[in-house]
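Asks: Dropping the structure in here first, questions after.
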Amino acid sequence: MRLDIITLHPELMESPFQTSILKRGIAKGLVEVHFHRLRDWGIGKRKQVDDEPYGGGAGMVLRIEPLDQCISHLKSQRNYDEIIYLTPDGERLSQKTVNTLSLKENIIMICGHYKGIDHRLRTLHITKEISIGDYVLTGGELAACVLADALIRLIPGVINDEQSALTDSFQDNFLSPPIFTRPEEYKGIKVPEILLSGNFKKIEQWRQEESYKITLEKRPDLLGEK
Ligand code: 6GU
């Protein structure tokens, strides 16, 4: 997979890709991440990227030319499966969307800022708009990191234990069961007996039951969603 991320602030996004599992995925050549600094495509001597909205109102708008030129440049080099604009008014990100996107080859992500981007970019380039939840961030950068992290960990070979990605919370619309490691007892709190039994069939059954109970208690909406 290749991710091209267009942003005013690449420095805000670098460390997640230089750490742990994402770093390893990149080092193994399973994913490439390229940042494009929007300012480099800015207009005139001042490298302008934003302007006031037509019709008035508070806040600035990202101009169409820098974004269009950057995207058109990328499109001239390869085909893109999706051009995603990260925006609070996009479709709310779900594991289902992440699963689908993780199968794509080339993706562009556009990080929005200010009041948004010139609406005509939707007609020209954007194939999908994604929000990571019902709250407002200062820009799309952190949202793009969230999306990229969720995507990259699903690429085969990025996580060693493939089973591990498949048994995540949400992969089957259930939250994960409780999990424990050593010691068997800590400050008087014991690990459930069943997990020490060595009876893997029973353990699996217990996990499924706990999973259901926890989902019902914390996220009943997930059970209704199926
Ligand atoms: Cl994708 N961008 C911004 N600015 N705020 C958000 C968001 C995105 N998703 C949730 N809040």
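The values are calculated or read from the model by the stated rules, or taken from the named source; none is laboratory data. The structure presented is a predicted model; accordingly, all values stated were derived computationally and were not measured. Every residue, glycine as well, gets a Cβ built from its backbone with ideal geometry; the counts of neighbours run over all protein chains shown. These area figures cover heavy atoms from the full protein model, side chains too; ligands, DNA and RNA do not enter into them. Shrake-Rupley method; radii C 1.70, N 1.55, O 1.52, S 1.80 Å.
Asks: Taking Cα pairs under 8 Å and at least six residues apart, what relative contact order does segment 11-88 come out at, in percent? Walk me through the numbers before you get to the answer.
Replies: Numbers: 46 pairs, mean separation 13.7, N = 78.
Dividing the mean separation by the residue count of segment 11-88 yields 18 percent.
Asks: Let me ask another. Computed FRET efficiency, Cβ-Cβ of HIS119 and HIS34, R0 35 Å: what is it to the nearest 0.05?
Replies: Values: r = 26 Å, r/R0 = 0.75.
Rounded to the nearest 0.05, the efficiency is 0.85.
Asks: Further question on the same structure: Given R₀ = 41 Å, what would the calculated FRET efficiency be for GLU82 paired with LYS201, taking r from the Cβ atoms and rounding to 0.05? Mind showing how you got there, number by number?
Replies: On the way: r = 42 Å, r/R0 = 1.02.
The value I calculate is 0.45.
Asks: Additional query: Cut-off under 27 Å on the C-alpha distance; same-chain residues fewer than 8 positions from LYS218 excluded. Which lysines are left, in chain and number order?
Replies: Within the straight-line cut-off, LYS218 pairs with LYS96, LYS187, LYS190, LYS201, LYS202, LYS226.
Asks: Which order do you get for PHE17, PHE200, PHE174 if you rank them by accessible area with a 1.4 Å probe, largest at the top? Can you show the working numbers first?
Replies: Numbers: PHE17 15, PHE200 155, PHE174 60 Å².
Output order, biggest surface exposure first: PHE200, PHE174, PHE17.
Asks: Follow-up question, since we're still on this one. Working with all protein chains in place, sort ARG46, ARG120 by solvent-accessible area computed with a 1.4 Å probe, largest first. List each step's numbers first, then the result.
Replies: Working: ARG46 195, ARG120 130 Å².
The most accessible residue leads, giving ARG46, ARG120.
Asks: Work from the charge dipole of segment 1-140 (Cβ charges, +1 for Lys and Arg, -1 for Asp and Glu, about the Cα centre) and give the residue of THR87, GLY133, GLY42 farthest towards its positive end.
Replies: Farthest towards the positive pole: GLY42.
Asks: Next question, about the same structure. Express the C-alpha Rg of the chain as a ratio against the empirical globular expectation 2.2 N^0.38 Å, rounded to two decimals. Mind dumping the intermediate values first?
Replies: Values: Rg = 21.7 Å, N = 226, 2.2 N^0.38 = 17.3 Å.
Compactness ratio reported: 1.26.
Asks: Helix 141-152 versus the longest principal axis of the chain: what angle, 0 to 90°, nearest 10, using Cα atoms?
Replies: Between the helix axis and the principal axis of the chain, the angle is about 50 degrees.
Asks: With a 1.4 Å probe and all protein chains left in place, how much of the accessible area of segment 1-133 comes from carbon and sulfur atoms, in whole percent?
Replies: Values: 3430 of 7150 Å².
For segment 1-133, the apolar C and S fraction of the accessible surface comes to 48 percent.
Asks: So what's Rg/Rh here for segment 97-226, counting alpha carbon atoms and using the Kirkwood radius for Rh?
Replies: Value, to two decimals: 1.09.
Asks: Give me the accessible area per residue for the chain, probe 1.4 Å, as a whole number in Å².
Replies: On the way: 13800 Å² over 226 residues.
For the chain, the per-residue accessible area is 61 Å².
Asks: Still on this structure: Which distance in nm do the two modelled labels at ASN99 and ASP51 give, with both placed 7 Å along the Cα-to-Cβ direction?
Replies: The modelled label-to-label distance comes out at 4.4 nm.
Asks: Around GLY90, which amide H atoms from residues at least 5 apart in sequence, or from another chain, sit under 5 Å from its own amide H, with H modelled in the peptide plane?
Replies: SER131
Asks: Still on this structure: Can you send over the solvent-accessible area of LYS28, 1.4 Å probe, protein chains only, in Å² to the nearest 10?
Replies: Probe radius 1.4 Å; accessible area of LYS28 about 100 Å².
Asks: Additional query: Tally the DSSP beta bridges in segment 2-79 and give the antiparallel ones as a percent, rounded to 5. Intermediate results must be reported in sequence, preceding the final value.
Replies: Values: 3 of 9 bridges.
Bridges in segment 2-79 are about 35 percent antiparallel.
Asks: Compute the signed sum of charges (Lys and Arg +1, Asp and Glu -1) over the other residues within less than 13 Å, Cβ to Cβ, of LEU103.
Replies: On the way: positive: LYS96, LYS104; negative: ASP81, GLU82, GLU105.
So the environment of LEU103 carries a net charge of -1.
Asks: What size of dipole, in debye to the nearest 20, comes out for segment 141-185 about its Cα centre when the only charges are +1 on Lys and Arg C-beta atoms and -1 on Asp and Glu C-beta atoms? The partial results should precede the final answer.
Replies: On the way: 2 positive and 8 negative charges, 18 e Å.
Roughly 80 debye, rounded to the nearest 20.
Asks: Kindly work out what percent of the DSSP beta bridges joining two residues of the chain are antiparallel, to the nearest 5.
Replies: Working: 5 of 27 bridges.
Approximately 20 percent, going by the DSSP bridge assignments.
Asks: Rounded to the nearest 10 Å², what accessible area does HIS9 show when all protein chains are kept and the probe is 1.4 Å?
Replies: Ignoring ligands and nucleic acids, HIS9 comes out at about 60 Å².
Asks: Next up: Taking only Cα atoms, what is the 0 to 90° angle, nearest 10, from helix 64-75's long axis to the longest principal axis of the chain?
Replies: 60
Asks: What angle do you read, to the nearest 10 degrees and between 0 and 90, between the alpha-carbon axis of helix 200-218 and the longest principal axis of the chain?
Replies: 50
Asks: On to the next question. How high is the FRET efficiency between ALA27 and ASP161 when r is their beta carbon distance and R₀ equals 22 Å, given to the nearest 0.05?
Replies: 0.80
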